[in-house]
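Worksheet: one structure, shown below.
The values are calculated or read from the model by the stated rules, or taken from the named source; none is laboratory data. Quick caveat, the model's predicted, so the values are computed rather than measured. Glycine also receives a Cβ, built like all others from the backbone with ideal geometry; neighbour counts cover every protein chain displayed.
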Amino acid sequence: MLFKQQAWLRQKLLVLGSLAVGSLLYLVARVGSLDRLQPLCPIEGRFGARGQAEFPLRALQFKRGLLHEFRKGNASKEHVRLHDLVQQLPKAIIIGVRKGGTRALLEMLNLHPAVVKASQEIHFFDNDENYAKGMEWYRKKMPFSYPQQITIEKSPAYFITEEVPERIYKMNSSIKLLIIVREPTTRAISDYTQVLEGKERKNKTYYKFEKLAIDPNTCEVNTKYKAVRTSIYTKHLERWLKYFPIEQFHIVDGDRLIAEPLPELQLVEKFLNLPPRISQYNLYFNATRGFYCLRFNIIFNKCLAGSKGRTHPEVDPSVVTKLRKFFHPFNQKFYQITGRTLNWP
Ligand code: A3P
């Protein structure tokens, strides 16, 4: 009799235990899926005070997962409909400067759960052929996102191309514009290095930097050389200021983004009215690369491609000094206009 009662009790306990475990598993799965489906807070309005708004914990992983599905071509129309995904025109554009660190900035901002990057440089506003295809063509080039997220694209040629400010203004006169700059002489050498590498890949010879940057007839800085002209930041910015007030620009210090990215990214989060979500956890220094790399989560991390962070050729120090002297007054003007002093030599 006693034995029978014990067996009955054991059976009951087993059923109750299975029910409890089952319910627990169901709850975990349900909370997880709700969390993933929960739309993110809108950029303005629902964020409230900085740091108070809550993003779903899994937003970042989910964003990556979704991106992966799209890359693999698995994201169906159903997927898009279920998650209310849309292709949105950018709310912010990294307009330049070439070799300033535009790719690093875009990739690092993409760590933020409310930011979705357009991976490719679209060259919509600087390329007449693309521009003629119209705004719908441009929008369709954008990645899918939640309506509350912001899309960011980068095309560094925008900064130096004459027609671009007016064209962007016509699309959205209140758009936010990001410019990442580096010390002008270093940037010019980086620009040259990229072109040199392209020539070498095609087994072509190329001039030395010194020959291009200094006019052999006058021995002065050659302002016809594009790599020099691009580094006269103030000249280009002045063209943009005919369309946009300075408050719509944010200057990112590209040299600091290399050495200490987090504070620079936090300034951008503030400028974009985003709650601070990028943390030191998301950025780790990779000694082999000599640069900071990105950590999305415990499994996924990545460094930028090898074409970012090339070794520069040695440049005659007297040429470097001459260039730095040449850029100095333009830099002063740039600090004055932007309100950001960068202490370049
Ligand atoms: P160098 O190749 O001269 O070192 P862009 O993306 O605008 O072409 O800029 C390229 C520059 O980004 C590189 O120039 C590199 O110095 C800089 N950069 C900034 N952060 C980086 C990072 N985390 N990894 C690699 N390159 C980075």
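Listed residues L196, L265; which is within 19 Å of the chain's Cα centre (by Cα) and of a type outside the set (V, I, T)?
Values: L196 fails: within 19 Å of the chain's Cα centre (by Cα).
Only one candidate qualifies: L265.
Taking the residues in the stretch 178-193 that are more than 10 Å from the ligand (Cβ to nearest atom) and touching a Pro at 6+ places or on another chain (Cβ under 9 Å) as candidates, determine which candidate is farthest from V268 (Cα to Cα).
Here the residue is T185.
Do we find a residue being β-branched (V, I, T) and farther than 30 Å from K170 by Cα anywhere in the stretch 260-276? Spell out how you get there, then give the answer.
So the first thing to find is which residues in the stretch 260-276 are β-branched (V, I, T), and the list is 268.
With the extra rule that they be farther than 30 Å from K170 by Cα, the set shrinks to none.
No, that holds for no residue.
Select from the stretch 277-301 the residues that are within 14 Å of L109 (Cα to Cα) and either touching a residue at least 24 places away in the same chain (Cβ under 8 Å) or in a strand (DSSP E or B) (or both) and list them in ascending order.
Result: R277, I278, N282, L283, Y292, C293, L294, R295, F296.
Which residue is nearest to the chain's Cα centre (by Cα), if the candidates are limited to the stretch 87-111 and must be crowded, with 23+ Cβ neighbours inside 10 Å and part of a loop (DSSP other than H, G, I, E, B)?
Only one residue tops the list, namely G101.
Scan the stretch 214-228 and report the pairs whose first residue is within 13 Å of F327 (Cα to Cα) and whose second residue is at pLDDT below 95, with Cβ atoms within less than 9 Å and a gap of 6+ or a chain change.
Listed by first residue and then by second, the contacts come to N222/P216.
If we keep just the residues of the stretch 302-331 that are outside any helix (DSSP H, G or I) and in contact with a strand residue (DSSP E or B) (Cβ under 8 Å, 6 or more places away or on another chain), which is surrounded by the fewest Cβ atoms within 10 Å (Cβ to Cβ)? Break it down into steps so the answer makes sense when it comes.
Filtering the stretch 302-331 for residues outside any helix (DSSP H, G or I) gives 302-316.
After this cut, where a residue has to be in contact with a strand residue (DSSP E or B) (Cβ under 8 Å, 6 or more places away or on another chain) as well, the list is 302-304, 308-309.
Values: K302: 10, C303: 16, L304: 18, K308: 16, G309: 15.
If we take residues in the stretch 302-331 being outside any helix (DSSP H, G or I) and in contact with a strand residue (DSSP E or B) (Cβ under 8 Å, 6 or more places away or on another chain), then K302 is surrounded by the fewest Cβ atoms within 10 Å (Cβ to Cβ).
I'd like the full set of residues that are out of contact with any helix residue (DSSP H, G or I) (no Cβ under 8 Å at 6 or more places or on another chain) and either more than 21 Å from L177 (Cβ to Cβ) or crowded, with 21+ Cβ neighbours inside 10 Å (or both), limited to the stretch 129-149.
E129, A132, K133, G134, E136, K140, S145, Y146, P147, Q148, Q149
Take the residues of the stretch 296-323 that are in contact with a Ser or Thr (Cβ under 7 Å, 6 or more places away or on another chain) and near the ligand (Cβ under 8 Å from one of its atoms): which is farthest from A114 (Cα to Cα)? Talk me through it step by step, then tell me what you get.
Taking the stretch 296-323 as the starting set, the residues that turn out to be in contact with a Ser or Thr (Cβ under 7 Å, 6 or more places away or on another chain) are 310, 312-313, 320, 323.
The next check asks that each one be near the ligand (Cβ under 8 Å from one of its atoms); those that pass are 310, 312.
On the way: R310: 31, H312: 36 Å.
Top of the filtered list is H312.
For the stretch 215-249, enumerate the residues that are within 16 Å of the ligand (Cβ to nearest atom) and under 17 Å from L342 (Cα atoms).
Listed by number, the residues that qualify are S231, Y233.
So which residues in the stretch 268-295 are within 16 Å of the ligand (Cβ to nearest atom), surrounded by 16 or more Cβ atoms within 10 Å (Cβ to Cβ) and not charged (D, E, K, R)?
V268, I278, N282, L283, F291, Y292, C293, L294
For the stretch 208-233, which residues satisfy the criterion of being of a type outside the set (V, I, T) and part of a loop (DSSP other than H, G, I, E, B)?
First, pick out the residues of the stretch 208-233 that are of a type outside the set (V, I, T): 208-213, 215-217, 219-220, 222, 224-227, 229, 231, 233.
Within the stretch 208-233, K208, D215, P216, N217, C219, E220, N222, K224, Y225, S231 meet the criteria.
Exactly one of (1) among the charged types (D, E, K, R); (2) away from the ligand (no atom under 16 Å from the Cβ); (3) part of a loop (DSSP other than H, G, I, E, B); (4) more than 30 Å from F244 (Cα to Cα) is unmet by R340. Its number?
The failed condition is (4).
Go through the stretch 250-263 and give me each residue that's loosely packed, with under 15 Cβ neighbours inside 10 Å and within 10 Å of the ligand (Cβ to nearest atom).
Within the stretch 250-263, A259 is the sole residue that qualifies.
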